[in-house]
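The values are calculated or read from the model by the stated rules, or taken from the named source; none is laboratory data. Bear in mind that the values here come from a model prediction, so they are computed numbers and not experimental data. With ideal geometry, Cβ positions are generated from the backbone for all residues, glycine too; neighbour counts draw on all protein chains shown.
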Amino acid sequence: MTDTGSTARLCEEAAANVAQAAAAIDMEPKVRSILARPMNELIINFPVERDSGEYELLQGYRIQHNNVLGPYKGGIRFHPGLDLDEVRALATWMTFKCALLQLPFGGAKGGVAIDPGAFSEAELERVVRRFTHSLGQNIGPEYDIPAPDMGTDARTMGWMKDTYLNSRGPGERQNARRVVTGKPVELGGSLGRDSATGRGAAYALRHLYGELDRTLEGQSAAIQGFGNVGSHAAIAMSELGMKIVAVADVSGVVHDPAGLDIKKLLEHAQDRGGVAGFSPADLLTADEFFALDVDVLVPAALEAQITAANVDSIRARAIVEAANGPITAEASAVLEHGGVHVIPDILANAGGVVVSYYEWVQNKTSDKWSAADVDARLRDAMWEAADRVALTRAARGCSRRQAAYIEAATLLQSVYGLRGIFP
Ligand code: NAD
């Protein structure tokens with residue numbers, strides 16, 4: 001996101017998601033007001049030395065939206081246009097995502113407003129270490145647990161973990177390693193965490209097709225974003241027999257009606273830094289990409305990609321919101337009216353935080369689960385949540401998005417009701 005007007009709108013949309021669910025379940029006003037705002041908001045200005053020897057002052061954020069269900073949990077994003085409003089919206093969605101999946105976590109989000117591609121590896125390491133140091137006691141293994149998001153990865157989490165551990169006494173370090181999830185496996189990460197968000201999205205799609213009494217075999221898909229989420233969604237959807245006919249990333253859009261070879265496309269993107277130039281494929285514009293006549297569209301990049309401006313061109317019959325907030329509220333209403341099946345982000349991309357939870361549990365118990373075990377648990381967790389969303393949708397005659405928010409809000413309301421509000 002690059003302009004503050006659009007990030008302010010994201011924040012309003014997150015607030016509207018919460019308000020609608022609160023109204024639907026007749027939520028107590030005091031709970032409604034607590035959920036309407038983040039609990040804590042941190043802005044950190046910190047200096048980092050560039051390779052040239054000059055210092056640059058960077059701005060980072062950590063927003064802790066709610067922790068009634070457990071420690072704050074949410075990703076760290078590196079993106080040049082990142083601002084407070086965008087992080088607020090993302091943190092709010094995390095609270096509802098964790099509640100929907102019934103995880104013992106609250107919601108948070110953070111990041112630094114930089115283009116990671118414009119920093120060398122050594123510079124990035126200094127950014128991560130200095131930002132983590134500045135976060136200080138505002139993160140912790142039982143308090144606030146970051147994870148990767150757009151522009152960050154397992155390596156980022158490795159640096160965060162190491163920096164945090166170095167601020168603890170030797171006797172605390174073993175316990176403290178679960179301060180972040182999405183770590184490299186060698187540093188205590190979980191098998192299956194890197195592919196979890198993409199695989200989870202594919203499981204949610206399989207559930208949708210089950211609801212519709214249809215099979216995914218031979219269905220066509222177009223995927224926007226070929227980073228962590230988009231690439232693993234593409235692999236998982238191919239494994240389910242789907243034909244990925246188009247992939248878009250920041251370098252361009254590649255399209256082959258016969259189906260792209262995802263393995264080869266991945267090698268190409270890794271070598272060349274993007275999908276552009278892949279052969280055999282034709283090049284499309286972003287507008288042509290969204291207008292493709294495909295069965296399934298998977299936005300897995302940025303927010304606000306399907307808007308009032310392009311929603312009328314959409315021909316896909318189902319959309320999996322693998323990214324956070326890829327469809328604006330206005331466009332959502334048009335799609336709902338047109339009978340397009342939309343799997344909302346707080347369900348579709350929840351696989352990442354589900355396996356982050358598994359990583360946290362494995363660290364806490366000094367255990368190691370097999371990749372097959374993690375994947376089976378992930379599938380069950382996604383299907384169980386999708387079942388509840390489908391039941392609520394049927395009972396209330398509402399959209400899948402509203403049903404997902406109602407499910408999450410019901411749990412949050414009930415926990416506040418049982419705990420009461422101090423003092
Ligand atoms: P990533 O940085 O690994 O990849 C982002 C991808 O988006 C890249 O392929 C990039 O080229 C592409 N992209 C960026 N700008 C684009 C543009 N204007 N047009 C087309 N493509 C563009 O990020 P990620 O971790 O895959 O995250 C993607 C989305 O999924 C984000 O919304 C993120 O919040 C969400 N998400 C991620 C996780 C996770 O586990 N990583 C979990 C839940 C949700």
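Determine, yes or no, whether THR95 is among the polar types (S, T, N, Q), at negative phi, part of a helix (DSSP H, G or I) and touching a strand residue (DSSP E or B) at 6+ places or on another chain (Cβ under 8 Å). Considered against the rule, which asks whether it is among the polar types (S, T, N, Q), at negative phi, part of a helix (DSSP H, G or I) and touching a strand residue (DSSP E or B) at 6+ places or on another chain (Cβ under 8 Å), THR95 comes out as yes. Checking each residue in region 85-132 for being within 30 Å of ASP51 (Cα to Cα) and in contact with a Cys (Cβ under 9 Å, 6 or more places away or on another chain) picks out only GLU86. Residues of region 242-251 that are closer than 24 Å to ALA309 by Cβ and either away from the ligand (no atom under 12 Å from the Cβ) or surrounded by fewer than 18 Cβ atoms within 10 Å (Cβ to Cβ) (or both): VAL245, VAL250, SER251.
Within region 379-395, one or more residues are part of a helix (DSSP H, G or I), within 28 Å of GLY151 (Cα to Cα) and either away from the ligand (no atom under 16 Å from the Cβ) or at pLDDT below 95 (or both). In region 43-86, of all residues being within 20 Å of GLY351 (Cα to Cα) and hydrophobic (A, V, I, L, M, F, W, C), the one that is surrounded by the most Cβ atoms within 10 Å (Cβ to Cβ) corresponds to ILE76.
Taking (1) at pLDDT below 95; (2) of a type in the set (Asp, Glu); (3) crowded, with 17+ Cβ neighbours inside 10 Å in turn, ASP256 satisfies each apart from (1). Only a single criterion out of (1) out of contact with any Pro (no Cβ under 8 Å at 6 or more places or on another chain); (2) under 18 Å from SER195 (Cβ atoms) is not satisfied by GLY225, namely (1).
Scan region 407-418 and give yes if some residue there is outside any helix (DSSP H, G or I), more than 16 Å from the ligand (Cβ to nearest atom) and farther than 20 Å from ARG206 by Cα, otherwise no. Can you show your working first?
Pass one, region 407-418, residues outside any helix (DSSP H, G or I): none.
No - not one qualifying residue is present in region 407-418.
If the condition is being crowded, with 24+ Cβ neighbours inside 10 Å and within 15 Å of the ligand (Cβ to nearest atom), then region 214-227 contributes ALA222, ILE223, GLN224, GLY225, PHE226.
From the list SER279, SER332, SER356, exactly one residue is more than 10 Å from the ligand (Cβ to nearest atom), outside the structural domain of PRO80 (by TED's automatic domain parsing), surrounded by 13 or more Cβ atoms within 10 Å (Cβ to Cβ) and among the small types (Gly, Ala, Ser). Which is it? I'd like the intermediate steps shown before the answer.
Numbers: SER279 fails: surrounded by 13 or more Cβ atoms within 10 Å (Cβ to Cβ); SER356 fails: more than 10 Å from the ligand (Cβ to nearest atom).
Only one candidate qualifies: SER332.
For region 30-66, filtering for residues that are within 27 Å of the chain's Cα centre (by Cα) and either over 17 Å from GLY106 (Cβ atoms) or outside any strand (DSSP E or B) (or both) leaves 16. When GLU267, GLU288 are checked against the criterion of being surrounded by fewer than 18 Cβ atoms within 10 Å (Cβ to Cβ), farther than 30 Å from GLN174 by Cβ and either more than 14 Å from the ligand (Cβ to nearest atom) or at pLDDT below 95 (or both), GLU267 stands alone in meeting it. Within the option set VAL68, VAL48, VAL31, being touching a Gly at 6+ places or on another chain (Cβ under 9 Å), within 30 Å of ARG130 (Cα to Cα) and among the β-branched types (Val, Ile, Thr) holds for one residue only, VAL68.
Report whether or not ALA316 is crowded, with 22+ Cβ neighbours inside 10 Å and under 18 Å from PRO148 (Cβ atoms). Steps first, answer last, please.
Working: crowded, with 22+ Cβ neighbours inside 10 Å: yes; under 18 Å from PRO148 (Cβ atoms): no.
No, not satisfied.
Within the bounds of region 73-96, is there any residue that is small (Gly, Ala, Ser) and more than 20 Å from the chain's Cα centre (by Cα)? Within region 73-96, not a single residue is small (Gly, Ala, Ser) and more than 20 Å from the chain's Cα centre (by Cα).
Condition check ((1) within 25 Å of GLY198 (Cβ to Cβ); (2) at pLDDT 95 or above; (3) part of a strand (DSSP E or B)) across all residues:
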| residue | (1), (2), (3) |
| --- | --- |
| ASP85 | no, yes, no |
| ALA99 | yes, yes, no |
| GLY117 | yes, yes, no |
| LEU135 | no, yes, no |
| PRO146 | yes, yes, yes |
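Here GLU172 meets each of (1) over 23 Å from GLY106 (Cβ atoms); (2) without any contact (Cβ under 8 Å) to a residue 24 or more places away in the chain; (3) not polar (S, T, N, Q) with one exception, condition (1).
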